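In what follows, a single structure is set out as structure tokens and then discussed.
The values are calculated or read from the model by the stated rules, or taken from the named source; none is laboratory data. Model, not experiment: these values are computed from the prediction. Cβ placement follows ideal geometry from the backbone for every residue including glycine, while neighbour counts extend to all protein chains displayed. Only protein heavy atoms, including side chains, enter the accessible area calculation; ligands, DNA and RNA are left aside. Shrake-Rupley method; radii C 1.70, N 1.55, O 1.52, S 1.80 Å.
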Amino acid sequence: MQCTYCEWRCELTGSRLGVCRMYAGENGVVRERFPYRWSSSIPSKVESVPFYHAWPGSRCLVIGTAGCNFRCRYCSNSFVAKQDPAAIQDGMVELTPPELIRKAKQMGCHSIVFNVNEPAVSLPSLVELAQEARAAGMPMGCLTNAYTTEESTEMLGSVFSFFNAGLKGLSAAFNREYIGIPSAEPVVRNIRRLAALGHLEVTTPIVESANDGEIEEIARFIANVDPEIPWHVFRLLPEDEMQGACYPNIDAIARTLEKVRGYLPYVYFHNFVGSDWVNTLCPGCGAVVIERFSLGCGGDRLCSFNGQGNRCRSCGREIRLHGEKIAWNAGEAPS
Amino acid sequence: MSLAVIDAREWQRMFDLRTGVRVEEDSPLLRMVTELQARRPYPGDFDDAGNRWVTDTALDLIAGYDPSFVFLTYAWQFFVARYSVLTESEWASMVSSVYEEVNRFVARSGFTPVIVGTGGMIPFVDFIDVTRLDGLALSTHWSARHAGLHDGSRRDLEYLAALPEVERIVPRDEFRSLFAECRGDAFRIPEYLLVARPGYLFHTVGGAFRKVRRVPAPAHAIPLATTLGEASAITDVRGLVDSRISDTKIALIVVEGLGMDDFPWPHRRCGNGRGWFYYEPSDAQYLTLTTGRHKVFEYPTGYKYFKEDTEEKEYPLSGFFTSVPEDTVASGIEARSIAVGNRSMIMHMASGADISIECFARNLFNQGTLAVVHRMDKV
């Protein structure tokens, strides 16, 4: 029998587990092997995920599981995403969807965001969690590599209302060598679909001498889908199999991105401390609408929100925003 | 204004340490610091060159600034031991490596050392799952042997009391009274402090990414090696420095992950807490060393750290810290002082040194180095 959660479409007959090792075939049904088991459940700034245009200033509960359907050579979370999921279950916590929602509320979280690994490897649990979250009035978002089948992309759309999709590169050679997939075609297809299903931001890690030549091509693709999509360009930290590789040159990437800003106004460049490229500038007048500080590695924070709702205070132009500004302690019980 | 300089390899930015606002200042002293940062990129927490980076950076900074007091931290062996499966001989080799590195600093600098181990490490045994309590259990500062319990129910307390892996459940008032002199800092203490038996860690909500292999050992005493005198308690170490700094160039050197059993220098016993409580490697232990006063409650383990992380929080490059701690060892020294270490986001706060250079790592991801210049008026 075939798994249809992602485009690997793995054969799960007998004891075969597929690429992500998170599903098994049982009595003709694809079964989740480790339901409700989370590698992470930590309160975090929504900007640090990163989401720069969704519920700015809010506190989200970042969750993750284990396993991944990609084999990125530079994976920062390889100790969760690349390990045999069965071998790291002793480090997981088991919380049913109602328990997880209760913890999120106890920690004053406004939303739940799936991060760390790929949500497609844990979709049945996430579908159940979404029901509880909806009942509790908690929005859900996720980071995804968008290598899902068309069917499971729709499932993602039913679970999450805001997405950050990874578009690591467009060339087949890059995707084969650095990501371990035959091509980015399904990713490109799903990015178009996710843009229609909910709020979408896109993230691209730049690997020196590997995909840095594709920056403008990727930007044009995103602009073609929707020029208001926020794009996060990450300076790669050479981790995992790429330890010892060069750190991408910040100034060189920034020069390229200056050109991109002309047709993709919400372009950000971060994953390094103190980046100058983390503020939201009004595409109409250039005013700083949202000010942030980046600590790199998921440490971005809101410094000030200068918009008037979803409009620039200076010129009135609409700013792409999913949800309104939320005060950091809005979910805390009054003391 | 204290200045902060981030070096992210081939790229630097200067900020006001307090506000995080970008600034541009220039002076021969700042150029010396930024050029040193550019010359000495941090190899990474798991890289065996990490301790060598401490020595080399400190020696360069001494050459450029001529301080009388140096505060150093060597932490590579702590990070590696925490997350790696090590044989006894591999651990012995790491201890030998840090021994040589510290000795190289002492020999090359000529400073009189005061060397402190933060406590040894023992194999991780198991987790105590406290994620399903009615209340909220939190751990902070890597110190998952302790957890704070917020809004715990009677059922939670009964459940915890029945667990043999839980050593102690300490009500807030009892914890407060153990360090009665610290009452002013006590507003952050959780309702209950949970203490696990040695080898066990509380599994709280949070990120449980990397697989832990070793955890801090029980350390009612930590090792102290110096010729400057005796210090029977961790709070007395500061006094050793104060008493001799006027006529002696002193290096206070913290070696992480080494306790009484594996400390390679001839040493004496130094009390590392009070009563049942002992410090684990943490901000609190550093602050206690450098202020000479117990700092258990300033940023206590298990507090709701995230409530304070508002847009208004200052010191964005300084982790939990919401202000520069007062009366730290170097801040009271008239002569010049520096700090260098590979424990991130603490050297510039805990030491009070005129100039500090530390690695800037988050969750052990290497983001470069942070230099902080608190004082420029001594040149």
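Compared with the rule-of-thumb size 2.2 N^0.38 Å for a compact globular protein, region A:181-335 has a Cα radius of gyration ratio of 1.12.
When the Cα convex hull of region A:6-81 is projected onto planes of every orientation, the mean area is 6.7 nm². Principal axis analysis of the Cα atoms in the protein assembly as shown yields extents of 73, 61, 51 Å, listed in decreasing size. Computed about its Cα centre, the charge dipole of chain A is approximately 540 debye, with only Lys, Arg, Asp and Glu carrying charge at their Cβ. For the protein assembly as shown, the dipole from Cβ point charges (+1 on Lys and Arg, -1 on Asp and Glu) about the Cα centre works out to 580 debye, to the nearest 20. By the Stokes-Einstein formula, at 0.890 mPa s and 25 °C, region B:73-171 with its Kirkwood radius over alpha-carbon pairs has D equal to 145 µm²/s. Enclosing the Cα atoms of region A:35-277 in their convex hull gives a volume equal to 120 cubic angstrom per residue.
What separates the Cα centres of region A:179-238 and region A:110-167 is a distance of 18 Å.
Amide H to amide H, with H built 1.01 Å from N, residue A:322 comes under 5 Å of A:54, A:55, counting only residues 5 or more places away or on other chains. A DSSP coil position with no more than 13 other Cβ atoms inside 10 Å describes the following GluC sites (Glu not before Pro) in region B:268-341: B:312, B:326, B:334. When you restrict to C-alpha pairs under 8 Å that are six or more residues apart and normalise by the size of chain A, the relative contact order lands at 17 percent. Taking each DSSP H run with n ≥ 4 as -39500 (n - 2.57) and averaging over every residue of chain A yields -6500 deg cm²/dmol at 222 nm. Rounded to the nearest 10 square angstrom, residue A:325 shows an accessible area of 70 square angstrom against a 1.4 Å probe.
How much of the DSSP beta bridge set in the protein assembly as shown is antiparallel, as a percent to the nearest 5? Around 55 percent of the beta bridges assigned by DSSP in the protein assembly as shown are antiparallel ones. The equivalent ellipsoid of chain B has semi-axes of 33, 23, 20 Å, largest first, where each one is the square root of 5 times an eigenvalue of the Cα gyration tensor. Once Rg and the Kirkwood radius are both taken over the C-alpha atoms of region A:158-209, their ratio Rg/Rh works out to 1.02. Less than 5 angstrom separates the built amide H of residue A:233 from those of A:204, A:268, A:269, A:270, all sequence-distant by 5 or more or on a different chain. For the set B:313/B:378; B:211/B:307; A:168/A:259, the pairs lying more than 25 angstrom apart at their alpha carbons are B:313/B:378; B:211/B:307. Taking the centroid of alpha carbons for each part, region A:11-52 and region B:184-227 are 31 Å apart.
Using alpha carbons only, the radius of gyration of region B:187-255 set against its Kirkwood radius gives Rg/Rh = 1.12. Close amide H pairs (under 5 Å, H built 1.01 Å from N) link residue A:303 with A:291, A:292, A:293, residues at least 5 positions away or on another chain.
Scaling the Cα radius of gyration of region B:238-379 by the globular reference 2.2 N^0.38 Å produces a ratio of 1.10.
Residues in region B:146-154 carry Karplus couplings, in order, of 10, 9, x, 10, 10, 6, x, 9, 4 Hz; the curve used is 6.51 cos²θ - 1.76 cosθ + 1.60 with θ = phi - 60°, and Gly or Pro positions show x. Here region B:125-211 was treated as a single set of alpha-carbon atoms; its pair distances binned every 10 Å from 0 give 17, 51, 28, 4 percent.
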